[in-house]
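Novice: Starting off with a structure, shown below.
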Amino acid sequence: MKPDPVSITPGDPRDPDVTALLEASHALMQSLFPPEANHYLSVDALCTPTILFFVAKLHGETAGCAALSLKDGYGEVKSMFVDPAKRGAKIGIKLLDRLEAEARAKGLLLLRLETGDKLIAAHRLYATQGFKVIGPFGDYPDEPTSIYMEKAL
């Protein structure tokens, strides 16, 4: 059996390759949504004890990232992004699987997320992985450009 070319490991948002990936994600969100509808976390905000941050590598090259924000009773998927040039290798699924495993290990019963209404490929990914649309949660406002989703663990 061939080894999996994708690895998912704990990572550092301040690593230059990862920071570049996060900046590309932020630029995309800024191009698609008004400022008040962008709920991404800064690199510094991703470096706190309540955030578990993971990096996906494809053949050893940084290809994606995702974070699990530990909340009271649930985990929130944050900073989920895969390099457009490296899509198609199931990196998003593998990142979500890792976040789910980490949430279960922490005894969390739910995963939740907020995503933009224009991110159709992301909606499909989350739906295929068992996420269902819900209303706003936490501190999120009820915005027309946001879609909120949840998965019971």
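Novice: Show log10 I(q)/I(0) for the range 1-111 at q = 0.09, 0.16, 0.17 Å⁻¹, two decimals, from a solvent-free Debye sum over equal Cα scatterers.
Specialist: Each listed q maps to, in turn, -0.23, -0.72, -0.81.
Novice: OK, next. Looking only at Ala103, Ala66, Ala20, which one moves most when the chain is put into a Gaussian network model with springs between Cα atoms under 10 Å?
Specialist: For the chain, modelled as a Gaussian network with Cα springs under 10 Å, the answer is Ala20.
Novice: Moving on. Can you work out ³J(HN,Hα) from phi for every residue in the range 75-80, in order, using Karplus 6.51 cos²θ - 1.76 cosθ + 1.60 and θ = phi - 60°, giving whole Hz and x for Gly and Pro?
Specialist: Going residue by residue, I get x, 10, 6, 10, 6, 7 Hz, with x marking Gly and Pro.
Novice: Sticking with this one: Set the Förster distance to 41 Å, then compute FRET efficiency between Thr50 and Lys132 from the Cβ-Cβ distance, nearest 0.05.
Specialist: The pair Thr50/Lys132 has a calculated efficiency of 0.95.
Novice: Pick from Thr128, Thr19, Thr62: which is most flexible by mean-square fluctuation in a GNM of the chain where alpha carbon atoms under 10 Å apart are linked?
Specialist: Taking springs between Cα atoms under 10 Å, the residue moving most is Thr128.
Novice: Still on this structure: Just to confirm a number: summing +1 for Lys and Arg and -1 for Asp and Glu over residues other than Phe54 whose beta-carbon lies under 9 angstrom from that of Phe54, what do you get?
Specialist: 0
Novice: May I ask you to evaluate 6.51 cos²θ - 1.76 cosθ + 1.60, the Karplus curve with θ = phi - 60°, for each residue of the range 132-146 and list the ³J(HN,Hα) values in order in whole Hz, giving x for glycine and proline?
Specialist: Result, ordered by residue: 10, 5, 10, x, x, 9, x, 8, 6, x, 7, 10, x, 8, 10 Hz.
Novice: In debye to the nearest 20, how big a dipole does the range 17-117 give about its Cα centre with +1 on each Lys and Arg Cβ and -1 on each Asp and Glu Cβ?
Specialist: 400
Novice: Looking at the chain as a GNM with Cα springs under 10 Å, which of Ala24, Ala45, Ala105 has the largest mean-square fluctuation?
Specialist: Highest fluctuation among the options: Ala105.
Any read-out appearing in this document is the output of simple, stated calculations on the displayed coordinates, not a laboratory observation. Keep in mind that what you see is a predicted model, and the values were worked out from it rather than measured. We place every Cβ from the backbone using ideal geometry, glycine too, and count neighbours over all the protein chains shown.
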